[in-house]
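Below you'll find the structure, written out as structure tokens, and then a few comments.
The values are calculated or read from the model by the stated rules, or taken from the named source; none is laboratory data. Everything quoted here is computed from the prediction, not taken from an experiment. When we count neighbours, we look across all protein chains shown, and the Cβ atoms used for this are built from the backbone with ideal geometry, even at glycine. Remember, those area values only see protein heavy atoms, side chains included, never the ligands or the DNA or RNA. Shrake-Rupley method; radii C 1.70, N 1.55, O 1.52, S 1.80 Å.
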Amino acid sequence: MRVRVMASRHSAFYSPLLSCVTFLRLDGHEVGYDVLGPRQRSYALLRDGEVDVMQSAVSSNWAPREQGIEPLPVHFAQINQRDGFFIVGRQPEPDFNWKHLEGKTLLADHGLQPLVMLKYALKLNGADWKKIKVIDAGPPARMEAAFSAGTGDYVHLQAPVGAGEIIASVGASTPPVAFSSLCCARACQKTADYATFLKAYERAREWVRTAPAGEIAAKEASFFPGVDVGILAAAVTRYQGLGCWEGGIRIEPELYEQALNVFQSAGALAWRHRYDEVVG
């Protein structure tokens, strides 16, 4: 089997997919892995047959649907059922309250879903977005570099985090949600390669959910050159503890509806998109 996998983001948060790629390669399959570029569009890559499987989110279908873009990919498996972003400060804050962000400077990830989820968490936990000085410092690597250079009081990142102290979890502060998922072209689901991939992914996700974090970190270390394996293991431990990979691989309707709730609360939806239009 030859399958081309692409991630919209690269993080230990997506360990189930990374482990799936590793398992398939060990089984003798040819599996490519790349990260989406700034001017690439996942739906176009899948539509045009340039990629077979994309790590994305059900929410990625909504804006294109509202623009009349078709065909769009089908989301077929859950990766994470919790937001995987953290609020990182310059020192430990054991008594952190979300209102502590008011009057402070926050380097926030301005990707659509992370930003919408962050605003939702702030509102849910009694903090006022308008009272925070929010900075768009660019992609995560630039955000972390800016924070390390002294910009901002807090930064909003996925793990592993190389600078500062994790003081709060967006995922732990909000309900479970269809946060990230795997998608493909609908025609792909009719192939034998799809069935092989899905079986391997189900095995990988369960392994990542239950295996010791050190074993997982060691197996996926090649995906994170320059990152200490201990830091990688700590990131996996955090995501296991959050329950990001709990449940099966099915995208549950209630998690999908919660994602709609989050986007609707931020005014980021023109209408509520039906589950069967996006998930299959």
For segment 182-192, Karplus-derived ³J(HN,Hα) couplings (6.51, -1.76, 1.60; θ = phi - 60°; whole Hz; x for glycine and proline) come out as 9, 9, 7, 5, 4, 5, 5, 5, 8, 9, 5
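Can you tell me the accessible area per residue over the chain, all protein chains present, probe 1.4 angstrom, in square angstrom?
With the other protein chains kept in place, the chain gives 44 Å² per residue.
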Order by protection proxy (mean Cβ within 10 Å, highest first), peptides 30-36, 167-173 | 167-173, 30-36
Using the alpha-carbon atoms, what tilt in degrees (0 to 90, nearest 10) does helix 15-26 show relative to the longest principal axis of the chain?
-> 30
Of the accessible area of segment 38-125, computed with a 1.4 Å probe and all protein chains kept, carbon and sulfur make up a percent value of 47
Between residue 274 and residue 125, the two model label points (7 Å from Cα along the beta-carbon direction) sit apart by a distance in nm of 3.7
With an 8 Å cut-off on Cα pairs and a minimum separation of 6 or more residues, tell me the relative contact order of segment 147-280 in percent.
-> 29
30 Å Cα-Cα reach of residue 104 towards lysines, excluding residues that sit fewer than 8 places from it in its own chain = 119, 123, 130, 131, 133
Note the full-extension length gain between residue 105 and residue 44 as 0.36 nm times their separation in residues minus their Cα-Cα distance, in nm to one decimal.
-> 18.3 nm
Given 52-65, 93-106, the highest-first ranking by average Cβ count within 10 Å works out to 52-65, 93-106
Under 29 Å Cα to Cα from residue 219, which lysines show up? Leave out anything in the same chain fewer than 8 places away.
-> 199
Can you pull out the GluC sites (Glu not before Pro) in segment 222-280 that DSSP calls coil and that have at most 16 other Cβ atoms within 10 Å?
-> 246
Between the modelled labels at residue 266 and residue 4 (7 Å from Cα along Cα→Cβ) the distance in nm is 3.0
Just need the relative contact order of segment 176-245 here, percent rounded to a whole number, with Cα pairs under 8 Å and 6+ apart.
-> 26
List the cysteines in the chain whose Cβ has no other cysteine Cβ under 4.7 Å from it.
-> 20, 183, 244
Kirkwood Rh and Cα Rg combined as Rg over Rh, evaluated for segment 1-44 | 1.00
How far apart, in nm, are two points set 7 Å out from the Cα along the Cα-to-Cβ line at residue 70 and at residue 96?
-> 4.5
Shape descriptors of segment 94-237 over alpha-carbon atoms, Rg and Dmax in angstrom, are 18.2, 55
In percent, how large is the relative contact order of the chain, given Cα pairs closer than 8 Å and 6 or more residues apart?
-> 29
Express in whole angstrom the spacing between the alpha-carbon centres of segment 180-230 and segment 248-280.
-> 23
Report the accessible area of residue 210, computed with a 1.4 Å probe over the heavy atoms of all protein chains in place, in Å² rounded to the nearest 10.
-> 80
Hey, can you grab everything whose amide H is under 5 Å from the amide H of residue 168? Only 5+ residues off in sequence or another chain; H modelled, so Pro and N-termini drop out.
-> 87
To the nearest 10 degrees, how steeply does helix 112-124 sit against the main Cα axis of the chain, on a 0 to 90 scale?
-> 50
